[in-house]
Amino acid sequence: GGRPLLEHALAHAAAAPVDRVVVVLGAGADEVLARVDLHGAEPVVCRDWEEGMAAPLRAGIATLAGCAAVVVLLGDQPLVPAAAVDRVLAARRPDRDAVRATYEGQPGHPVVLERRLFPAIAGLEGDTGARALLAGRSVVEVACEGIADPLDVDSPDDLRIAEQALAS
């Protein structure tokens, strides 16, 4: 759509009902900062990004450690709008550790992680995100098909699909 992929996710995050938006950057952080409209997001550079998914998750959580909860979105999912964030936030319950979107019964993003999970997230290593951590926790699952598309843009074909969806 003539804009960097990440910019779509950041625009959605800026429109979401959250108090603060942080974007965790790794490889190419300087180029991203020079070329992408962050839509007010606070950039956090994760120097150990090569470790895998755990490193940027830890960096984001550490930056937001004082928050009651965080919402995790992915920069390569441009079709997850603020309405999906609103839906998962509305499903928060004090007796649950997290809320995650599902698509046709499959877990996806956005994911809300309550503060009580932050110490466990700080201990994650390697190419492990929060999915394994949530397997043993009380999680509310919220269907988000119809308001969001979990397309994860990992290839030129995925990018073409995303561009067609954004154009319509």
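The values are calculated or read from the model by the stated rules, or taken from the named source; none is laboratory data. In this text the structure is predicted, and so the values were computed from the model without any measurement. Positions of Cβ are backbone-derived with ideal geometry, glycine not excepted, and every protein chain shown enters the neighbour counts. Areas reflect the complete protein model, heavy atoms only, side chains present, ligands, DNA and RNA absent. Shrake-Rupley method; radii C 1.70, N 1.55, O 1.52, S 1.80 Å.
Go through region 95-137 and give me each residue that's open to solvent by 40 Å² or more (accessible area, probe 1.4 Å) and either in a helix (DSSP H, G or I) or among the charged types (D, E, K, R) (or both).
Selection gives D95, R96, E104, R115, R116, P119, A122, E125, D127, R131, A132, R137.
Restricting to region 82-94, give me the number of residues that are open to solvent by 30 Å² or more (accessible area, probe 1.4 Å), farther than 24 Å from V153 by Cα and not charged (D, E, K, R). Spell out the reasoning first.
Step one: of region 82-94, the residues open to solvent by 30 Å² or more (accessible area, probe 1.4 Å) are 83, 86-87, 89-90, 92-94.
Filter once more, keeping what is farther than 24 Å from V153 by Cα: 89-90, 92-94.
After this cut, where a residue has to be not charged (D, E, K, R) as well, the list is 89-90, 94.
Of the residues in that region, 3 qualify.
Does L73 meet the test of being open to solvent by less than 30 Å² (accessible area, probe 1.4 Å), within 20 Å of L133 (Cβ to Cβ) and under 12 Å from the mean Cα position of the chain (by Cα)?
Here the answer is no, as L73 does not meet what is asked.
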